[in-house]
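The values are calculated or read from the model by the stated rules, or taken from the named source; none is laboratory data. A quick note: this is a predicted structure, and the numbers were derived from the prediction, not measured. Please note: Cβ atoms are built from the backbone with ideal geometry, for glycine as well, and neighbour counts cover all protein chains shown. Surface accessibility is based on the protein's heavy atoms, side chains included, excluding ligands, DNA and RNA. Shrake-Rupley method; radii C 1.70, N 1.55, O 1.52, S 1.80 Å.
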Amino acid sequence: MALSSDDLSETDEKILDQLQEGRVTPQFVANQIDISRPYASDKLRRLVEHGHVVKLASGLYELKSDPREL
């Protein structure tokens, strides 16, 4: 089930901004937006579960569809 823009937190939006620039790792996201790596992993996992992000390999994520554009 896809998320709507109303379902997104400010952190989700910042992560999506990073993903629009290219593939990311949780550590990269954490460093860029000043959150912990475990929290970045949890947020990325949620985006994967809702079909917006694809996990390409262990720790490597890519944007599939931006829920802000739906």
- request: Let me know the charge dipole size of the range 1-69 about its Cα centre in debye, to the nearest 20, where only the beta-carbon of Lys, Arg (+1) and Asp, Glu (-1) is charged.
  value: 380
message: What does the extension gain come out to for Met1 and Glu69, with contour length at 0.36 nm per residue minus their alpha carbon separation?
response: 22.9 nm
- line: In nm, the gap between the two label points placed 7 Å beyond Cα toward Cβ at Arg46 and Asp34 is 2.0
- line: the chain: spread of alpha-carbon positions along the three principal axes, whole Å, largest first, is 27, 24, 20
statement: Per-residue accessible area, 1.4 Å probe, largest first, puts Ser58, Ser41, Ser65 in the order Ser58, Ser65, Ser41
Heavy-atom accessible area per residue - the chain, 1.4 Å, Å²: 60
message: Given the -39500 (n - 2.57) contribution per DSSP H run of 4+ residues, what per-residue ellipticity at 222 nm results for the chain, rounded to the nearest 500 deg cm²/dmol?
response: -13500 deg cm²/dmol
